[in-house]
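Working notes for the structure below.
The values are calculated or read from the model by the stated rules, or taken from the named source; none is laboratory data. Given the structure is predicted, the values throughout are model-derived calculations rather than measurements. Note that each Cβ is placed from the backbone with ideal geometry, even for glycine, and that neighbours are counted across all protein chains shown.
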Amino acid sequence: MSQDNIQDQNADANIEITPEMQAFYQRADAIIGIANSQLGPDAHSGQVGASLLYAAARYSASVASIGFVKGDDFAKEKDDIVEFYVKQYRQMLSDNLTDYAQNFDKYVQLNQDVKPAE
């Protein structure tokens, strides 16, 4: 879901887009842009998506480790950390699937317009 789509949805719900929310969506859009730039003859969307998920997992593990002094203490929190990230991802994925379904024709057209040259 891009920043523009969020703004469209929030306009309907009368939710103010704060500068922090704007920055959040801009960062996400930048990362999606990098992922899209990886598409081509050597990598299809499934492969790029798998790399993106792996990168998110690696980055999240690094972020989660901040503040721990010992690896043993960090390891003890593994289940809670996994639960936190899974819950966040499940909600974000659900929200984006709902948005995609509601805007399917628009998004399918956009995806056809941005296919890489072969």
Taking segment 37-61, which residues are of a type outside the set (A, V, I, L, M, F, W, C) and touching a Ser or Thr at 6+ places or on another chain (Cβ under 9 Å)? Gln38
Tell me, which helices (runs of 4 or more DSSP H) wholly within segment 45-118 include 1 or more residues that are modelled with pLDDT under 95 and surrounded by fewer than 11 Cβ atoms within 10 Å (Cβ to Cβ)? 104-113
So, Ile15, is that one surrounded by 12 or more Cβ atoms within 10 Å (Cβ to Cβ), at pLDDT below 95 and not in a helix (DSSP H, G or I) or not? yes
Pair list, Cβ < 6 Å and 6+ apart or interchain, from segment 75-103 residues that are in contact (Cβ under 8 Å) with a residue 24 or more places away in the chain and under 13 Å from Ala57 (Cα atoms) to residues that are surrounded by 11 or more Cβ atoms within 10 Å (Cβ to Cβ) and polar (S, T, N, Q): Tyr85/Ser60
For Gly40, are the conditions met, namely being surrounded by 11 or more Cβ atoms within 10 Å (Cβ to Cβ) and touching a residue at least 60 places away in the same chain (Cβ under 8 Å)? yes
